[in-house]
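Contents: one structure, followed by commentary.
The values are calculated or read from the model by the stated rules, or taken from the named source; none is laboratory data. What you see is a predicted model; the values in this text were computed from it and never measured. Every residue, glycine as well, gets a Cβ built from its backbone with ideal geometry; the counts of neighbours run over all protein chains shown. Ligands, DNA and RNA are excluded from the accessible area calculation, which covers all protein heavy atoms including side chains. Shrake-Rupley method; radii C 1.70, N 1.55, O 1.52, S 1.80 Å.
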Amino acid sequence: MINSAVPLPQNLPLLLSDPRPNAVSAATKVLKGGLTHRDNLLELSRFWKIKVWFSQPVKIAIQPHWVTTGRNEADDGITKTHITNKTDTFHVFKGFFRNRVHESAPIYYKTTVCGRHGHDFEELEDKIIKYEPVIIKTSSYNDTFESYEQFKSKFDPLFMTEDCIKMLWQSNSGQHGGQYLKSDFHFIGEVGRQVLKRFMRNFKGVSNFNEKDCPGYTRNMRNPEDNFVLVEKHRTMRHPGRDITIQHTGGVDRVFYSSEFCGCGNGRYGLVANKNQFLHLEDD
């Protein structure tokens, strides 16, 4: 357990200026006190990475990666080491989660922001000196859209009707609770672009669907009343690869995009905005 003497983060008041309403609510909840430190970490890590300092060096799992450690001049070969952990007196954690609701249940830390697997944090808790959310300093860049026309310009009408665009403009993000931001538009990766290229072979646009002439669209034979669906997928055979799906249902005013973790059905979901970007709706 975290030592009860560990103070609350000193930078909590700075979080109240965050443009995300749900983030401000989380910060306010922690500021009011009464939560356990575990609950504080869980609450704050929904919106910020958490930097934690320890009383002694601790071993922490990190996202596995290869590091070049040397070069063999004889055959010009490169020596690499596979790194899976680090030992240090502080660490910036990508996030925390709990498998059970009870406040005494242990929490786990993630090695990636969108990770669905974690490592036991319990053995590190009694070594915590302090912790605080990492506040990213903003530059002069304005992340908000100045007008509906500016927001609309992000979309290709091939993938979404204007009525749908207006609906999105008037709604709020399920991720941060505010109006959609420029940063909610994510670039489609290389694999995703390949899937989209295959998808475009039969896709004529959300407003141009014709049930009598829809090559590539199929029905669910177990339920013939289902609408025609055009789907292109990529299935990875390795971790940390992603399963990519782009799908349009005939008569629907938008095209769906998903990037899921290998074989698990969880990941990032959104709507295709244009041939290069998708609008991020939620993580599951």
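Quick notes
- Flag if residue 113 is exposed (fewer than 12 other Cβ atoms within 10 Å of the Cβ) and either within 30 Å of residue 58 (Cβ to Cβ) or small (Gly, Ala, Ser) (or both): yes
- Selection over region 1-35 of residues that are surrounded by 13 or more Cβ atoms within 10 Å (Cβ to Cβ), assigned to a loop (DSSP other than H, G, I, E, B), at pLDDT 90 or above and out of contact with any strand residue (DSSP E or B) (no Cβ under 8 Å at 6 or more places or on another chain) gives a count of 1.
- Residue in region 81-91 that is surrounded by 11 or more Cβ atoms within 10 Å (Cβ to Cβ), hydrophobic (A, V, I, L, M, F, W, C) and free of Cβ contacts under 8 Å to residues at least 24 places away in the same chain present: yes
- Boolean, residue 195 is at pLDDT below 95 and among the hydrophobic types (A, V, I, L, M, F, W, C): no
- Pair list, Cβ < 9 Å and 6+ apart or interchain, from region 21-42 residues that are farther than 22 Å from residue 125 by Cα to residues that are open to solvent by 50 Å² or more (accessible area, probe 1.4 Å) and outside any helix (DSSP H, G or I): 21/172; 22/46; 22/175; 23/46
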